[in-house]
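Accompanying notes for the structure given below.
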Amino acid sequence: MSQEIIIDENYRMPEPVRVGEETGSLTRVMQQLVFTVDHKKLGLMYIGAGLLFFVIAGLLAGLMRIQLAFPNNHFLPPDVFNQSFTMHGTTMVFLVGMPLAFGFANYLVPLMIGARDMAFPRLNAFGFWVFFFSGLFLYFSYVGAPGLYAAGSAPDVGWFAYSPLTTKAFSRGHSTDYWTLSLLLGGIGSVATALNILVTVFCMRCPGMTLGRLPIFVWCMVVLSFLVILALPCLSACQIMISLDRYLGAKFFDTQAGGDAVLWQHFFWIFGHPEVYILIMPAFAITSEVIPVFSRKPIFGYPIMVAAVVAIAFISLGVWAHHMFCVGMVSLANAFFVTSTLLVSIPTGIKIFNWLATMYGGKLRFELPLIFCIGFLFQFLIAGLTGVMLAVAPFTWQLSDSYFVVAHFHYVLIGGLLFTIFAGIYYWYPKAFGKMPDHKLGLWHFWLFTIGFHVTFLPQHFLGFLGMPRRIYTYQDDRGWDTMNLISTIGVAIQAAGILFFVYNLIYSYIWGKKSGDDPWDAWTLEWATTSPPPEYNFAKLPVVKSRRPLWDAKHPEDPDWKHE
Ligand code: HEM
Ligand SMILES: [Cu+2]
């Protein structure tokens, strides 16, 4: 081991306490979790909360699919169906995708840059609890407070809440207010956490950790944080405007009164499209760490990969109206947004090629993280191709708001994001808990979830071609949609079985799993230089790095990377 990175037994402080093994009673454990400002604990709490909300939103999805399994079905009444897709979509985007991203960023960024914690630990805790409370508040809408808010008024206007559906005329109760207020609150937490990530990366790096040596994971989290800071305020602004319309007689979105309902769509998607890139950034981050380690090769084209991530984020700020090709914009506007959207596929394509080039000629180790990343590459390609199809305005004029669109974004968000989240959990589980996840159980999870996923969403592309609109709670039996809807619902059951194997694996491995040691995958970034789990202070002495693969240098003093830089 080179002396730069001190991984010396003598430097070991008292054995770190594994999460859940805090000494003392449950209250003491809760106290520790409630009052913690430690980035690792907050990271795990973000991931835990995200997975909890995933299960809840997944159950809502299951209910909708049961309703849609047969024509003329009455399992769910129409208003409950409207609430279900609104709560499912809103939860998956704001209470699953974003906290999972912040969870991974919180746990890993300080470790990867050789820091002891985030720049603002208390702001970090604030960000987490504001997010968590905003989620509880949103779900409180299902019960409501007697006399204050009518019970059972969960939001039912869809996750993008188009106007005039959200005005008092069409949404009389408080369902829309639960949606606006909980997301307004959540937005404050997100911006606080994004700011914290940026200051941490730019001000807390250990000696030698130049920007050109940052792991790509960290670059993706930097870009994600910039997008959050640029996009979230736009959503907050239009949510304040709709609340002013609803309660103080403003007319921002009231077309009859000189406002403009389409203005809401512009505001929402100026936030909404960068939002989907905020959601997919962790996929890029995790894949760029996992593929090199399990191919035994450094990432192909590091500078181009970083440039591609920055380019994707930049372009994603200028494509929003591809969600609005059917509102009657002038052709020049349509042409601009067709072009800008097609442009995104160039840096995205570069990333896919660079990941494949990293695997090419590598010594591939088919461990769970790599297997889920290979699934991601295949599914994200399909998602990207249908995205390019939808970027062509005349194509979208035919398929807007159809099941083709539902299939497309689920291929991105499940096939893309979720598969890499699983890869990331299996990759860093040993670091966080000191135990190896069970490989066989993981394979069951992978195959059941993959087969279930394609059985659910592949047929939906064709349901879209056959004219099935999204958000309908039932359909007649003469449309030719029956069989494919039934198949799609069966797919959800297979996915659910896969998720059960995943949850069982997390618990089983925690209790009975094989001890992992500090660096089970023989990896290269600094988080693997610490013990598993890492001590509260992360590093006994802050490391000094000389290349992009500090741990490789420490393990291979005969041929360190910095000699080739
Ligand atoms: C795990 C399996 C999942 C299943 C079975 C599923 C199923 C569904 C169903 C049935 C709908 C309603 C479609 C309609 O009637 O228009 C829907 C909508 C949606 N889903 Fe999922 N979903 C899943 C995962 C996800 C994930 C992981 C995300 C995001 C991270 C997501 C985001 C959305 C969004 C944004 C909508 C649109 C809601 C709206 O129209 O307002 N879903 N999903
Ligand atoms: Cu978009």
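The values are calculated or read from the model by the stated rules, or taken from the named source; none is laboratory data. Predicted model, so just to flag it, every value in this text is computed and none were measured. Glycine also receives a Cβ, built like all others from the backbone with ideal geometry; neighbour counts cover every protein chain displayed. Just the protein is used for accessible areas: all its heavy atoms, side chains included, with ligands, DNA and RNA removed. Shrake-Rupley method; radii C 1.70, N 1.55, O 1.52, S 1.80 Å.
Residues that are among the hydrophobic types (A, V, I, L, M, F, W, C) and open to solvent by 10 Å² or more (accessible area, probe 1.4 Å) within the stretch 105-124 comprise 119, 120, 123, listed in sequence order.
Identify, from the list 304, 291, 315, 299, the residue that is of a type outside the set (Asp, Glu) and within 15 Å of ligand 2 (Cβ to nearest atom).
Working: 304 fails: within 15 Å of ligand 2 (Cβ to nearest atom); 291 fails: within 15 Å of ligand 2 (Cβ to nearest atom); 299 fails: within 15 Å of ligand 2 (Cβ to nearest atom).
Within the list 304, 291, 315, 299, the selection yields 315.
Being open to solvent by 50 Å² or more (accessible area, probe 1.4 Å), more than 16 Å from ligand 2 (Cβ to nearest atom), over 30 Å from residue 544 (Cα atoms) and assigned to a helix (DSSP H, G or I) is not true of residue 85.
Answer yes or no as to whether residue 102 is closer than 30 Å to residue 282 by Cα and of a type in the set (Phe, Trp, Tyr). Step through it out loud before you land on a result.
Numbers: closer than 30 Å to residue 282 by Cα: yes; of a type in the set (Phe, Trp, Tyr): yes.
Yes.
The numbered conditions (1) farther than 25 Å from residue 292 by Cα; (2) open to solvent by less than 30 Å² (accessible area, probe 1.4 Å); (3) away from ligand 1 (no atom under 14 Å from the Cβ) are all true for residue 429 except (1). Any residue at all in the stretch 280-287 that is within 14 Å of ligand 2 (Cβ to nearest atom) and either in contact with a strand residue (DSSP E or B) (Cβ under 7 Å, 6 or more places away or on another chain) or not basic (Lys, Arg) (or both)? Yes, the stretch 280-287 contains a residue that is within 14 Å of ligand 2 (Cβ to nearest atom) and either in contact with a strand residue (DSSP E or B) (Cβ under 7 Å, 6 or more places away or on another chain) or not basic (Lys, Arg) (or both). If I filter the stretch 460-473 for residues that are of a type in the set (A, V, I, L, M, F, W, C), in contact (Cβ under 8 Å) with a residue 12 or more places away in the chain and under 30 Å from residue 546 (Cβ atoms), do I get at least one hit? Checked the stretch 460-473: no residue is of a type in the set (A, V, I, L, M, F, W, C), in contact (Cβ under 8 Å) with a residue 12 or more places away in the chain and under 30 Å from residue 546 (Cβ atoms). In the set 94, 137, 75, only one residue is more than 23 Å from the chain's Cα centre (by Cα) and either open to solvent by 40 Å² or more (accessible area, probe 1.4 Å) or of a type outside the set (Ser, Thr, Tyr) (or both); that residue is 75.
Would you tally the residues in the stretch 93-119 being away from ligand 2 (no atom under 16 Å from the Cβ) and part of a helix (DSSP H, G or I)?
Going through the stretch 93-119, the residues away from ligand 2 (no atom under 16 Å from the Cβ) turn out to be 94-96, 98-119.
Retained after the next criterion (residues that are part of a helix (DSSP H, G or I)): 94-96, 98-112.
Matching residues across the stretch 93-119 total 18.
Criterion applied to 298, 303 was being more than 16 Å from ligand 1 (Cβ to nearest atom), open to solvent by 50 Å² or more (accessible area, probe 1.4 Å) and at pLDDT below 95, and the one residue passing it is 298. What residue, among those in the stretch 323-337 that are in contact (Cβ under 8 Å) with a residue 60 or more places away in the chain and open to solvent by less than 30 Å² (accessible area, probe 1.4 Å), is farthest from ligand 1 (Cβ to nearest atom)? If we take residues in the stretch 323-337 being in contact (Cβ under 8 Å) with a residue 60 or more places away in the chain and open to solvent by less than 30 Å² (accessible area, probe 1.4 Å), then 325 is farthest from ligand 1 (Cβ to nearest atom). Annotation: residue 413 fulfils all but one of (1) under 16 Å from the mean Cα position of the chain (by Cα); (2) open to solvent by 30 Å² or more (accessible area, probe 1.4 Å); (3) more than 14 Å from ligand 1 (Cβ to nearest atom); the unmet one is (3). Here 245, 254, 260 are screened, and the one residue that is open to solvent by 30 Å² or more (accessible area, probe 1.4 Å) and either within 16 Å of ligand 1 (Cβ to nearest atom) or touching an Asp or Glu at 6+ places or on another chain (Cβ under 7 Å) (or both) is 254. Selection of the stretch 152-171 for residues being more than 16 Å from residue 238 (Cα to Cα), open to solvent by 50 Å² or more (accessible area, probe 1.4 Å) and either of a type in the set (Val, Ile, Thr) or touching a residue at least 24 places away in the same chain (Cβ under 8 Å) (or both) yields only 156.
A single member of 404, 378 is within 22 Å of the chain's Cα centre (by Cα) and open to solvent by 40 Å² or more (accessible area, probe 1.4 Å), and it is 378. Residues considered: 458, 368, 385. Of these, the only one that is aliphatic (A, V, I, L, M), within 16 Å of ligand 2 (Cβ to nearest atom) and either crowded, with 20+ Cβ neighbours inside 10 Å or closer than 25 Å to residue 341 by Cα (or both) is 385.
So how many residues does the stretch 542-551 have that are open to solvent by 50 Å² or more (accessible area, probe 1.4 Å) and either among the polar types (S, T, N, Q) or over 21 Å from residue 107 (Cβ atoms) (or both)?
Of all residues in the stretch 542-551, those open to solvent by 50 Å² or more (accessible area, probe 1.4 Å) come to 542, 544, 546, 548.
With either among the polar types (S, T, N, Q) or over 21 Å from residue 107 (Cβ atoms) (or both) added as a condition, the list becomes 544, 546.
Of the residues in the stretch 542-551, 2 are open to solvent by 50 Å² or more (accessible area, probe 1.4 Å) and either among the polar types (S, T, N, Q) or over 21 Å from residue 107 (Cβ atoms) (or both).
Quick check, is residue 232 more than 16 Å from ligand 1 (Cβ to nearest atom), open to solvent by 50 Å² or more (accessible area, probe 1.4 Å) and aliphatic (A, V, I, L, M)? Show your work before the answer.
Numbers: more than 16 Å from ligand 1 (Cβ to nearest atom): yes; open to solvent by 50 Å² or more (accessible area, probe 1.4 Å): no; aliphatic (A, V, I, L, M): yes.
No, not satisfied.
Which members of the stretch 462-486 meet the condition of being away from ligand 1 (no atom under 13 Å from the Cβ) and either open to solvent by 60 Å² or more (accessible area, probe 1.4 Å) or among the acidic types (Asp, Glu) (or both)? Passing the criteria: 462, 465, 466, 476, 477, 478, 479, 482, 483, 486.
Restricting the first member to the stretch 487-512 and to residues that are under 14 Å from residue 66 (Cα atoms), and the second to residues that are open to solvent by 70 Å² or more (accessible area, probe 1.4 Å) and part of a helix (DSSP H, G or I), the beta-carbon pairs closer than 7 Å and six or more apart or on different chains are 489/66; 494/451.
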